[in-house]
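Reading through the C-alpha cells given below for one structure.
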Amino acid sequence: MIRFLFIRLCQSIGTLFAVAVLLFLLFHISGGDPGATLAGKYASSIDIELVNKSLGTDKPLLNRMSTFFYEVLSFNFGRSW
C-alpha cells in the first residue's frame, strides 16, 4: 500500500510540473507586451522598458521560468492588479 501511494505521489508531482511548464509556455507564447499594456496607451518606449524591467520580462526565458517555479513553490503568486 505504501509503495502504491509513493508511486501515485511521484506521478502527481510529475503531472503538476508538466502542467506548470505548459502554463508558463502558454503565457509566454500568448503574445502581447505586458509592459505596453500596463504602461498605457500613450506611454513612451522608455516607460514601457521600465515596466518590462520591473516585471522581469526583459530577462531570458530560462531565468523567468526558474523565477516562476521558485515563486510558485514558495506560494508567492505575485501582485493582484
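Could you give the dipole magnitude of the chain about its Cα centre, charging the beta-carbon of Lys and Arg +1 and that of Asp and Glu -1, in debye to the nearest 20?
Computed charge dipole of the chain: roughly 360 debye.
Quick one: Debye curve from the C-alpha atoms of the chain, no solvent, what's log10 I(q)/I(0) at q = 0.16, 0.22 Å⁻¹?
Summing over Cα pairs of the chain leads to -0.74, -1.12.
Which net charge results when you count Lys and Arg as +1 and Asp and Glu as -1 among the other residues whose beta-carbon is under 13 Å from that of A43?
So the environment of A43 carries a net charge of -2.
Using r as the Cβ-Cβ distance of K53 and V21, and R0 as 25 Å, what FRET efficiency do you calculate, to the nearest 0.05?
The value I calculate is 0.50.
Kindly provide the trypsin sites (Lys or Arg not before Pro) of segment 1-63 that DSSP labels as loop, not H, G, I, E or B, and whose Cβ sees at most 16 other Cβ atoms within 10 Å.
K41
Would you please give the residues with an amide H less than 5 Å from that of T57, counting only those at least 5 places away or on a separate chain, with H modeled from the backbone geometry?
Residues meeting the criterion, in which the H sits 1.01 Å from N, do not exist here.
All of the numbers you see were taken from the coordinates with simple rules; none came from a lab. A quick note: this is a predicted structure, and the numbers were derived from the prediction, not measured. We place every Cβ from the backbone using ideal geometry, glycine too, and count neighbours over all the protein chains shown.
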